[in-house]
Amino acid sequence: MGWLALDADAIVHRAYGEPEGAVPTAIASRFGDGVLSADGSVDRDALARFVLYDADNARWLEELVKPLIWAEAEAAVADPSGRGVFLDLPLLFEWGWEERFSAVVAVYAEDDVRMERLRGKGADMDRVAALSALQMGVEEKLERADFVLVNNGDSSLLRGQCAELSRLFSGGDRVAPA
């Protein structure tokens, strides 16, 4: 629909994949070389053992990657094309970033639907539970969001909701860093 969609997880994973980059170097400095793959990129499974069950380590890692995510969001908004920008950021509320945006859109799927989709992707359900424990509850996120899209059905239902939301913002408003 012409909007630029940024994925915070993809931004971070790109940084993890830069052998000898600033992020892998900082992570290895804190947790040891065992968190790096043979090519020097971050081994996400090894890193998870340090951050999933240790709140201090999780916060440290968040502080390391937040500037990367924000820099990419700011660059996207500054793009002279004037395209609207959506940033997919699971920890938006936890980081207190909601005020940085003109609107917050939550995408909701019932628990059984989400879990089935994750299992279908081969997700480690213990890891999913640990990540969920680090995040604000779904109900609170839905209450705090400006808009909620329901994603329980097929992609055409979600696409229709996205089209309606896009029409709402087509008058010049943009869902982007303020």
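A short reminder: the numbers here are calculations on the coordinates, not readings from a lab. Remember, predicted model here, so these are calculated numbers, not experimental data. A quick note on method: Cβ atoms are made from the backbone with ideal geometry, for glycine too, and the neighbour counts reach across all protein chains shown.
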Return the residue satisfying two criteria in turn: it lies in segment 1-50 and is touching an Asp or Glu at 6+ places or on another chain (Cβ under 9 Å), touching a residue at least 40 places away in the same chain (Cβ under 8 Å) and not hydrophobic (A, V, I, L, M, F, W, C), and of such residues it is surrounded by the fewest Cβ atoms within 10 Å (Cβ to Cβ).
-> D9
All but one of (1) closer than 26 Å to A48 by Cβ; (2) surrounded by 13 or more Cβ atoms within 10 Å (Cβ to Cβ) hold for V148, so report the exception by its number.
-> (1)
Among the residues of segment 51-67, is any among the acidic types (D, E), surrounded by fewer than 16 Cβ atoms within 10 Å (Cβ to Cβ) and farther than 22 Å from V128 by Cα?
-> no
Pairs only if they're at least six apart or on different chains, beta carbon under 6 angstrom, first in segment 53-75 and more than 20 Å from G17 (Cβ to Cβ), second part of a helix (DSSP H, G or I); list them, first residue then second.
-> N57/F50; N57/V51; A58/V51
